[in-house]
1. Loop-only trypsin sites (Lys or Arg not before Pro) in region 137-184, please: DSSP not H, G, I, E or B, and at most 13 other Cβ atoms within 10 Å.
2. Does region 43-155 classify as rounded, prolate or oblate by the C-alpha gyration tensor (a ≥ b ≥ c root eigenvalues; a/c under 1.5 gives rounded; else a/b over b/c gives prolate, otherwise oblate)?
3. Based on the alpha-carbon gyration tensor of region 108-184 and its eigenvalue square roots a ≥ b ≥ c, which shape applies: rounded if a/c is under 1.5, prolate if not and a/b is larger than b/c, or oblate?
4. Describe numerically, in nm with one decimal, the distance between label points set 7 Å from Cα along Cα→Cβ at ARG108 and at LEU415.
5. Taking the solvent-accessible surface of protein heavy atoms with a 1.4 Å probe, what is the per residue accessible area of the chain in Å²?
6. Which one is right for this structure if Cα Rg over 2.2 N^0.38 Å is calculated from it: [x] 1.01; [y] 0.96; [z] 1.24?
7. Once you list every other residue whose beta carbon is under 11 Å from the beta carbon of VAL194, what net charge do they have if Lys and Arg are +1 and Asp and Glu are -1?
8. Assuming 0.36 nm per residue, please report the length gained on full extension of the stretch SER297 to GLU49 beyond their Cα-Cα distance.
Amino acid sequence: MAHCAEILAVGTELLLGNIVNTNAQELSQELAKLGINVFWHTVVGDNPERLREAVRIARGRADIILTTGGLGPTYDDLTKQTISAAFGRKLVLHPEVAEEIRKIFESRFQGPMPENNLRQAELPEGCVVLPNPVGTAPGCAFEQDGVHVLMLPGPPAEMRAMLDAGAIAYLRRLSQEVIVSRDIMTFGMGESAVEELLRARMERMENPTLATYARPSEVRLRATAKASTVREAEAMLDPVVEEVQARLGNIVYGVDVKGLEYACVSLLKERNWTLATAESCTGGRMAARMTAMPGVSAVYRGGVVSYWTSVKGAVLGVPAEILEQYGAVSEPTARAMAEGARRITGAEAALSVTGVAGPDRDERGVEVGVVYVGLAVPEGTFCRRLRLGNRRRELLQDLSANHAFDLLRRYLSGLDLKE
C-alpha cells in the first residue's frame, strides 16, 4: 500500500520567520528513504482553532500526519490536547513517563520537576510512546480510522533524536517500499541548457524519474527510483546515472558529491598533493569551504585573504610593477597570487581569485563581474578570465570560488582547462 504523508509544523515563531522550518526538510528526507510520499507541508501558529482546522484538512487527504512542536509544558503548547480532541481520544497520565521526566530533572537539572512539566506525561489513550533521549517532552503515535498520527517535539535536536529512537521504526512498519535517489552534480552549464539536453528522456521516465535542481552556482540532477529493496532501486538507477554522465560529459564533476571542493579533495588525495588558496574578491570563501570538511588538513595547507593591494604585494609577493601596470584585477595579478600562495605554503597546487564583486566598478574602471582565477602547479600557472555579469555580490563570490575549484578539478582530471 502506498502511503501519503503531511507534515504539520506548529509554532507561531515559524510563521513570523524567527526560525527556519528545518524539521520539515529532515522529515521529508527520512520519509523518502522509507518510500512514503510527502505531498503537503503545512505550518500553523499556536492557535487551537487554526490547528484544529489544519488537522481536519490533513486527515482528509493524508493517511500519515506528522506534527512537530507544541509538546512543551507551557500554556501555549497545545498540540497534544488539540489533536487528541480532534481524533476523539482522551489524554491520560502515563506514570512511567512522569517518573522518567522526574529523573531527568533530578539528574540533569539538579532539582525537582516543576508541576507544569507533569502535563508532558499526559498522552493520548492507547498511543505508542516515542522516547525523547535529549529532552523532557515525549512524543507519541497512534492510528485512528486509517490515519496514523505521530507527534514529535519542535526543537530540531529533540526531533532528530526521537526519529532515531522510535519514530523511524514505527514508520518503517507502514511501508513496503523504499525510495532511493542519486545526485549527479554538474558545473559549467545552466539549468535550462541541461534540461534541454535531457528533456526527451526525462519526459518518458516514470520510475526511475530524473529532475533538475538549480543551486546558486551549479545544477544538480536527481535520479529517483522506488522499489521493494534498496538494492533493487540502486540497480534501476545505475543505467540512468551512466546515461546522464555520457550525455553531459565533463561538466559532471561527481555523483552523490556535496560540492566541487569535495571532488577536488578526493583528486588531491589520489595524487598525494596539497593545496593553498589566495583570495581577494571571494573574501575567504574558498578557505571556508575547504576547512568545513572533516579531515581536510590532509590536503589543505592554508590560505591568504589579500583584500588590499598592499597585502597582495607584501604577503603574496605580487611584484609592484604588475600591480602598477595591470592592477589588482588582472590576469598577471591572479597568476602571481597563485604562485605566491604556492611558494609561501609549500603546496603542490594553489588557487587564486581576484575580481570585482560589486556593487561598483573598481578604481581602474573594471566592471562588476570581471574575475580572474589562477592555478599554480609544478608544470606552470594557468588562468581563466570570467565575465559573470552584474549579479548579487554573494552569488558572484560563490560562482568565482566554484570556477576556481572547477579549474583545479579539470587539471587534476586531465581535462581541457579552456572549456
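1. Values: sites: ARG160, ARG172, ARG173, ARG182; in loops: ARG173.
Taking region 137-184 and a limit of 13 other Cβ atoms within 10 Å, the loop trypsin sites (Lys or Arg not before Pro) found are ARG173.
2. Working: a/c = 2.21, a/b = 1.80, b/c = 1.23.
Since a/c reaches 1.5 and a/b is larger than b/c, the shape of region 43-155 is classed as prolate.
3. Working: a/c = 3.39, a/b = 1.55, b/c = 2.18.
Oblate is the answer for region 108-184, as a/c is 1.5 or above yet b/c matches or exceeds a/b.
4. For ARG108 paired with LEU415, the spin-label model returns 4.8 nm.
5. Working: 19560 Å² over 419 residues.
On a per-residue basis, 47 Å².
6. Among [x] 1.01; [y] 0.96; [z] 1.24, the one calculated here is [z].
7. Working: positive: ARG199, ARG220, ARG247; negative: GLU191, GLU195, GLU196, GLU218.
Residues close to VAL194 contribute a combined charge of -1.
8. Working: separation 248, 0.36 × 248 = 89.28 nm, distance 5.43 nm.
Taking 0.36 nm per residue and subtracting the Cα distance, the gain is 83.9 nm.
The values are calculated or read from the model by the stated rules, or taken from the named source; none is laboratory data. This structure is a prediction, so every number in the text was calculated from the model and none was measured. Neighbour counts are summed over all protein chains in view; Cβ atoms, including those assigned to glycine, are modelled from backbone coordinates with ideal geometry. These accessible areas exclude ligands, DNA and RNA; they are computed on the full protein's heavy atoms, side chains included. Shrake-Rupley method; radii C 1.70, N 1.55, O 1.52, S 1.80 Å.
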